[in-house]
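Notes follow the structure.
The values are calculated or read from the model by the stated rules, or taken from the named source; none is laboratory data. No experiment lies behind these values; they were computed from the predicted model shown. Virtual Cβ from ideal backbone geometry, glycine too; neighbours counted across all protein chains shown. Quick note on the areas: whole protein, heavy atoms, side chains included, nothing else; ligands and nucleic acids left out. Shrake-Rupley method; radii C 1.70, N 1.55, O 1.52, S 1.80 Å.
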Amino acid sequence: MLQRVEIVEVGPRDGLQNEPDVMPTAVKVEFIGRLVSAGLRRIEVASFVHPKKVPQMADAEQVLAALPRRDHVCQIGLVLNRKGFDRALAAGCDEIGMALATSDTFNQRNQGTGTDASIAAWLDIAAAARLAGVSAQITLSTCFGCPFEGDMAVERVVEIAKRVAEGRPREIALADTIGAGAPGQVAEIVGRVREALPDVMLRCHFHNTRNTGIANAWAAVQAGVGILDASAGGIGGCPFAPAATGNIPTEDLVYMLQRSGIQTGVDLQALIDTARWLQEQLGRTVPGMLSKADLFPTRRSS
Ligand code: ZN
């Protein structure tokens with residue numbers, strides 16, 4: 001069993017992008033600051049996509065400009081193509097995250113081009129990132145199911161993983177973009193990709209649409225995946241994935257891992273406080289459970 005799991009916090013990007021009301025730049029910056037204070041060290045802070053497609057991310061450059069540079073914190077910018085990459089680089093992101101879908105239909109709908117064209121764009125971006133001295137990683141969306149094509153053949157996921165690995169990414173993330181996956185599937189897909197690419201680091205990204213997110217995260221850890229995406233409060237969705245709901249809540253994930261003896265470096269109480277703060281900012285309850293149930297033992301009884 002792993003002793004430590006690294007968490008990539010995606011709340012300020014994947015979490016917020018489906019929120020109907022645009023969060024002011026200063027509030028986003030405070031959100032990110034609170035996450036850093038809670039001990040998170042890799043944070044997806046913005047995406048560099050067309051502002052008309054995702055209005056919530058229209059201030060990506062302003063967010064980056066307002067964030068203090070912290071040597072120990074990696075600020076990740078999500079991109080879907082070369083244009084986004086150039087913007088993210090100019091904005092000063094420490095790390096580039098690119099996403100492409102294993103489902104050709106989803107990729108067409110989400111990024112206006114086929115999977116093959118996005119793989120070519122990734123290889124170009126990966127080379128440009130290396131030249132610029134910025135680390136880059138790639139997320140494969142819809143690995144566990146696509147709203148348009150249904151289940152993805154594991155062979156296709158493995159084949160695409162092999163092709164993107166040629167760009168020598170920091171890691172390859174296997175994403176359940178719409179929250180369709182189940183733990184048995186996680187074990188199989190992670191196992192098959194690892195078998196094909198034993199030297200490549202893997203990350204997993206789960207949504208909780210069908211309440212399997214946390215179970216999937218545990219299955220991934222048991223399969224040896226040491227890096228997981230999560231969003232504070234469990235907010236989030238995907239504007240292009242029908243009915244997809246939030247990412248797995250960071251605080252719920254940290255609770256599960258810590259109680260199981262796996263370190264994350266995150267201050268759980270600070271994270272719960274952040275989820276509660278986020279709740280006030282959004283004006284509604286967040287999906288995460290820890291902000292309601294509190295720690296165990298509770299502060300009162302401890
Ligand atoms: Zn996602």
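The table that follows gives values for the structure above.
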| quantity | calculated |
| --- | --- |
| Accessible area (Å², per residue) of segment 6-293, counting only protein heavy atoms and a probe of 1.4 Å | 37 |
| Scaled radius of gyration (Cα, divided by 2.2 N^0.38 Å) that segment 251-302 gives | 1.15 |
| From phi via Karplus (6.51, -1.76, 1.60), per-residue ³J(HN,Hα) for segment 117-128 in Hz, x at Gly/Pro | 5, 5, 5, 4, 4, 4, 5, 5, 5, 4, 5, 5 |
| Surface share of carbon and sulfur [accessible, 1.4 angstrom probe, percent] for the chain | 52 |
| At 1.306 mPa s and 10 °C, Stokes D of the chain from Kirkwood alpha-carbon radius, µm² per second | 84 |
| Global geometry of segment 123-227, whether rounded, prolate or oblate, following the gyration tensor of its Cα atoms and the 1.5 cut on a/c | prolate |
| Exposure ranking of 277, 218 by accessible area [1.4 Å probe, largest first] | 218, 277 |
| Set of lysines near residue 292 by C-alpha distance (under 30 Å), chain-local residues within fewer than 8 positions excluded | 28 |
| Charge dipole (debye, nearest 20) of the chain; +1 at Cβ of Lys and Arg, -1 at Cβ of Asp and Glu | 320 |
| Cα gyration tensor shape for segment 46-134, rounded if a/c is under 1.5, else prolate or oblate | oblate |
| Largest-first ordering by accessible area, 1.4 Å probe, given options 259, 203 | 259, 203 |
| Gap separating the Cα centres of segment 169-221 and segment 120-155, nearest whole Å | 14 |
| Area accessible to solvent at residue 124, 1.4 Å probe radius, in Å² | 70 |
| GluC sites (Glu not before Pro) within segment 80-172: DSSP coil, no more than 16 neighbouring Cβ in 10 Å | 149, 166 |
| Sites residue 26 and residue 166, calculated FRET efficiency, Cβ-Cβ separation with R0 35 Å, nearest 0.05 | 0.30 |
| Exposure rank, largest accessible area first [207, 50; 1.4 Å] | 50, 207 |
| Between segment 244-290 and segment 9-62, the alpha-carbon center distance in angstrom | 16 |
| Karplus-derived 3J(HN,Hα), 6.51/-1.76/1.60, for each residue of segment 197-205, Hz, glycine and proline x | 9, x, 9, 9, 6, 10, 10, 10, 9 |
| Relative contact order (percent, whole number), the chain, Cα cutoff 8 Å, 6+ residue spacing | 20 |
